[in-house]
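**Q** Handing you this structure, nothing more for now.
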Amino acid sequence: MKHLLKLEDWTTEEITEALNLADQLKYEQKHGIEHKILKGKTLGMIFEKASTRTRVSFEVGMTQLGGYPLFLSSNDLQIGRGEPVQDTARVLSRFIDGIMIRTFEQSEVESLAEYGSIPIINGLTDYCHPCQVLADLMTIREHKGKLEGLKMCFIGDGNNMMNSLIVGALRTGMSISVACPEGYEPPKNIIEFGESFEGKFEMVRKPLEAAKGADVVLTDVWASMGQEEEKKIREAAFEGYQVNDELMAVTNDGAMVLHCLPAHRGEEITAEVFEAHADEIFDEAENRLHAQKAVLVKCMGD
């Protein structure tokens, strides 16, 4: 039984296998080749955080794989009324074949895996976003033909996206430079992970310094879900942390821009840069479907 709790848990080989499988499943889907690999299996999808891309891609993906997706909002579950997560895990393990959860605390995902007896997939927590980053890596490889040797740059908050991008980039042979304001760094364990790849990881304050020589630039909103009350404070802290024409001018020729969406044009990215790279960004969004199908097959397939 395999879980995807955080990207650190997967080796380079496992990540590459998932990307290769995602490419294959995308090709088959585009050419009308059915792949009912999970026929007869049920995925429970627990949403304690709302979503567009996560819900639609998992629901459609599970259906295309021949399985049945079961949407479970926290309002519909006893977990939303105080039932311990370990009890929820043990009950659902008797009914369904796998769980995808999108929630706040990483500990909740880890507890589901500890007490349940079925695969658990992390659809997002405040700590990490592994499914999104697999789609990002898939998109970069599609457009650039490789991952190893490229430089990734992330501008913004040391949040779940930055955490998983650092792991995903370094695991696949990329280097990564991140720029974040003081007080908004990734957690210590992620910094230590990055520093263990000598010469491949850099954390700086100046966005232009991070972007210099980058092959792909990524960013995210300044205030993520659950941080709305901090919006004004964050707007002041992140002033200047924007992907714009000035920043793109110091990147390598042909540099990509990716955004996990939703995007706040005029804040973390200008409308001009977003639209200039819209094809890449919406390829990335589409690849959530294919990357997550690969995760489903790796975790729930026989």
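The values are calculated or read from the model by the stated rules, or taken from the named source; none is laboratory data. The model shown is predicted, which means the values in this text are computed figures rather than measured ones. In this analysis, Cβ positions are derived from the backbone assuming ideal geometry, glycine residues included, and neighbour counts consider all displayed protein chains.
**Q** Taking segment 151-172 only, how many residues are out of contact with any strand residue (DSSP E or B) (no Cβ under 7 Å at 6 or more places or on another chain), surrounded by fewer than 24 Cβ atoms within 10 Å (Cβ to Cβ) and without any contact (Cβ under 8 Å) to a residue 60 or more places away in the chain?
**A** 1
**Q** Within segment 53-95, work out how many residues are outside any helix (DSSP H, G or I), without any contact (Cβ under 8 Å) to a residue 24 or more places away in the chain and within 30 Å of Ile33 (Cα to Cα).
**A** Here the count works out to 0.
**Q** Among the numbered criteria (1) more than 20 Å from the chain's Cα centre (by Cα); (2) crowded, with 20+ Cβ neighbours inside 10 Å; (3) of a type outside the set (Val, Ile, Thr), which one does Ala294 miss?
**A** Every listed condition holds for Ala294 apart from (1).
**Q** Report yes if Ile140 is in a loop (DSSP other than H, G, I, E, B), crowded, with 18+ Cβ neighbours inside 10 Å, in contact (Cβ under 8 Å) with a residue 60 or more places away in the chain and aliphatic (A, V, I, L, M), otherwise no.
**A** Taking the combined requirement at face value, the residue does not satisfy it.
**Q** Closer than 20 Å to Ile176 by Cα and either over 22 Å from the mean Cα position of the chain (by Cα) or hydrophobic (A, V, I, L, M, F, W, C) (or both): does that describe Ala223?
**A** no
**Q** Okay, next question. Quick one: is Glu114 of a type outside the set (Ser, Thr, Tyr) and free of Cβ contacts under 8 Å to residues at least 60 places away in the same chain?
**A** Here the answer is yes, as Glu114 does meet what is asked.
**Q** Same structure, new question: Name the helices (runs of 4 or more DSSP H) wholly within segment 180-290 that hold at least 2 residues that are closer than 30 Å to Gln29 by Cβ?
**A** Once the helices (runs of 4 or more DSSP H) in segment 180-290 are filtered for at least 2 residues that are closer than 30 Å to Gln29 by Cβ, what remains is 271-276.
**Q** Determine which member of the set Gly40, Gly82 is more than 16 Å from Ile120 (Cα to Cα) and at pLDDT below 95.
**A** Every option except Gly82 fails the conditions.
**Q** Looking at segment 185-194, is at least one residue of a type in the set (Asp, Glu) and closer than 23 Å to Phe58 by Cβ?
**A** no
**Q** Report yes if Thr219 is in contact (Cβ under 8 Å) with a residue 60 or more places away in the chain and touching a strand residue (DSSP E or B) at 6+ places or on another chain (Cβ under 8 Å), otherwise no.
**A** Judged against the criteria, Thr219 is a match.
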